[in-house]
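The values are calculated or read from the model by the stated rules, or taken from the named source; none is laboratory data. Since this is a predicted model, take the numbers as computed values, not measurements. Reconstructed Cβ throughout: ideal geometry from the backbone, glycine too, with neighbour counts over all protein chains shown.
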Amino acid sequence: MQKDLAPGCWDSSCSGHLDAGEDYDSAAQRELGEEIGVILDGPPTRWVYERACAATGWEFVWVYRLEHEGPFELHRAEISDGKWFTVEEVTAAIEVEPEAYAPAFRHLWAKLNGGNVTVPTAH
């Protein structure tokens, strides 16, 4: 509920901003550790790039892909709950209650929804 954008909404598992002088891959590794307690030796796989636009809050976005068995430790100051959903479950939930999902997440989900993957989300 402390988020500046879409507080209390379902969003991606880990997301954040680059620190000064940091590249996307380093930020992805850092955010995984900070938000869900996953420490990696290298960056996850880059998946989809999105240029800054109104739907992303004028932010440039790299979406990464990672399979991990955990354990996971949610950063409670930023994440109140985490669950696993299938692609079909998220798609149906967004159709029924779009306001429960962060706007940038809905935008990126529409781009990614063609894939046959289970995408974790956090809230």
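Does Trp109 qualify as being surrounded by 15 or more Cβ atoms within 10 Å (Cβ to Cβ) and of a type in the set (Phe, Trp, Tyr)? Here the answer is yes, as Trp109 does meet what is asked. Hand me the list of helices (runs of 4 or more DSSP H) wholly inside the range 18-123 holding 2 or more residues that are of a type in the set (D, E, K, R) and closer than 21 Å to Gln2 by Cα. It comes to 24-36. Go through Thr45, Thr86, Thr56 for me and flag whichever is closer than 20 Å to Asn113 by Cα, among the β-branched types (Val, Ile, Thr) and in contact with a Phe, Trp or Tyr (Cβ under 7 Å, 6 or more places away or on another chain). Just a single option satisfies the conditions, and that option is Thr45.
From the residues in the range 8-30 that are among the charged types (D, E, K, R) and modelled with pLDDT of 95 or more, which one is nearest to Leu108 (Cα to Cα)? The extreme case among them is Asp25.
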